[in-house]
1. Antiparallel DSSP bridges in segment 9-132: what percent, to the nearest 5?
2. Here are several values of Rg and Dmax of the Cα atoms in Å: (1) 22.9, 77; (2) 16.6, 48; (3) 19.2, 57. Which one was derived from the coordinates shown?
3. For segment 47-102, just say rounded, prolate or oblate: build the C-alpha gyration tensor, square-root its eigenvalues into a ≥ b ≥ c, call rounded for a/c under 1.5, and beyond that prolate if a/b exceeds b/c, oblate if not.
4. Top to bottom by accessible area (1.4 Å), largest first, where do I53, I132 land?
5. Only helical DSSP H runs with n ≥ 4 go in: add -39500 (n - 2.57) per run for the chain, normalise by residue count and round the 222 nm mean residue ellipticity to 500 deg cm²/dmol.
6. I'd like the distance between the alpha-carbon centres of segment 41-116 and segment 159-173, rounded to an integer number of Å.
7. Please work out whether segment 133-227 counts as rounded, prolate or oblate from its C-alpha gyration tensor, where a ≥ b ≥ c are the square roots of the eigenvalues and a/c under 1.5 means rounded, while otherwise a/b larger than b/c means prolate and anything else oblate?
8. Using Cα pairs closer than 8 Å and at least 6 residues apart in sequence, work out the relative contact order for segment 1-134, in percent.
Amino acid sequence: GRTLLYDAGGSSGAAQARWVLEPYAARRRIRRIESLVLSHADMDHVSSVPALIDLFEIGEVVVSGRFAISPLGKEVLLQVDRAGIPVRAVAAGDGIALGGGAAAEVLWPPGPGEASSGLSDNDGSIVLRLGIGGRAIWLTGDVERGGWDRFVAANPAPPSCDALLAPHHGSAGAWHPALARLLRPSWVAISAGERVPWGETAMAWRALGAMVKATPECGAVVFEGDG
């Protein structure tokens, strides 16, 4: 009965919340978001935050320590602060309590210091692993090839992954063969606009045996467990 929302934005700005998130939540009788995780401060990942503040009760906003570096990140956090919502900065190794047998673990980025120096905005995205009912779902933000190089170097034996949100909307620049072979998820979801060239990435995942679903073809992708 607890809700975690990972990123909320799009090219339509705040309207994304009213067109997509509000009706989706209403069908499931969701009125409260316990944790709103913002992977990084790009408009297409945070533009719906002001509308979410109006539409839902929000328990906390979770960001990385890098989030406030950009002017957009600072503006979002100012809006969150005005609404009186607590903000928590996380890094690899931190967790988010969900209850009901579910757990969320932050896999990336590393905390402040040499390990995180030089990361781009995209490569500093929060990577989250949700463990639910014996299954694991990875949410990957916009981490690209350079960020995954550093992730694999730090995590040569990453934890299991059953379903994966393809990094950076299925962009070929975020495809990382070594990581893909290590994870080998059964399912891959690609969240992309109709003009994003995600086909090459989809074929690469399918070659590794993954079932790929892309939002331009099928709309919302929903995973339901059996217990």
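1. Antiparallel bridges: around 50 percent, rounded to the nearest 5.
2. Derived directly from the coordinates: (2).
3. In terms of gyration-tensor shape, oblate.
4. I132, I53
5. -6500 deg cm²/dmol
6. With segment 41-116 and segment 159-173 each reduced to a Cα centre, they are spaced 20 Å.
7. It is oblate, given that a/c is not under 1.5 and a/b is not larger than b/c.
8. 22 percent
The values are calculated or read from the model by the stated rules, or taken from the named source; none is laboratory data. Computed from a predicted model, the values in this text were never measured in an experiment. Every residue, glycine among them, receives a Cβ derived from its backbone with ideal geometry; neighbour counts consider all protein chains shown. Heads up: the accessible areas ignore ligands, DNA and RNA and are worked out on the full protein's heavy atoms, side chains in. Shrake-Rupley method; radii C 1.70, N 1.55, O 1.52, S 1.80 Å.
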